[in-house]
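What follows is one structure encoded as structure tokens, with my remarks underneath.
The values are calculated or read from the model by the stated rules, or taken from the named source; none is laboratory data. Predicted model, so just to flag it, every value in this text is computed and none were measured. With ideal geometry, Cβ positions are generated from the backbone for all residues, glycine too; neighbour counts draw on all protein chains shown. Side chains included, ligands, DNA and RNA excluded: accessible areas come from the protein's heavy atoms. Shrake-Rupley method; radii C 1.70, N 1.55, O 1.52, S 1.80 Å.
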Amino acid sequence: VIEKMTVSFGVDGMAGGQGLDLKGDDLDPEINKEEYLIKTHLLKTGCVLQSCVDLPALLANADPDVTKTLHAFGKHLGLLFQIVDDILDVIGSKESLGKSPNKDEAQNKLTYISLYGLETSIKKAEDEYQSAIELLDQLKNNFDTSHLNEIIKLVIDQIKR
């Protein structure tokens with residue numbers, strides 16, 4: 001468990017993703033921006049949220065198939081969260097965000113919006129949400145997934161207001 005936490009929050013996880021995010025506005029033109037963006041978000045946000053579902057499964061000595069499915073769910077949750085965050089930076093207000101909107105664009109950051117535009121980003125968020133739902137459906141016979149369903153619904157609902 002300690003090893004999993006160390007990886008999730010260290011250079012191969014959140015800290016590494018944050019480093020990639022900070023560098024994201026000064027990328028070599030030869031770099032595949034889509035791959036870079038996904039890697040950044042999988043590390044930055046994804047590893048943290050994956051840990052939130054991985055660690056309880058590890059501590060409970062869950063079945064390896066359940067653990068694998070929860071890990072995949074955490075990946076989709078992390079990407080969903082980050083895509084929604086990028087969308088909210090464009091459509092949100094200072095009051096709802098707690099920060100100035102359009103900050104990412106002002107800083108020339110690589111985001112889902114800058115790469116795909118608003119409509120495609122919303123579609124990508126919906127796709128991540130649907131993938132997460134399908135994984136939870138696979139688990140509902142093993143345990144109550146209602147809380148995890150509520151979490152992903154709260155995230156996607158942020159862009160449906």
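Looking across Lys160, Lys109, one residue alone is modelled with pLDDT under 95, in a loop (DSSP other than H, G, I, E, B), open to solvent by 60 Å² or more (accessible area, probe 1.4 Å) and within 26 Å of Glu34 (Cβ to Cβ). It is Lys160.
Out of Thr69, Thr45, report the one residue that is touching a Phe, Trp or Tyr at 6+ places or on another chain (Cβ under 8 Å), buried (at least 18 other Cβ atoms within 10 Å of the Cβ) and either farther than 20 Å from Ser131 by Cβ or hydroxyl-bearing (Ser, Thr, Tyr) (or both). Matching residue, one of Thr69, Thr45: Thr45.
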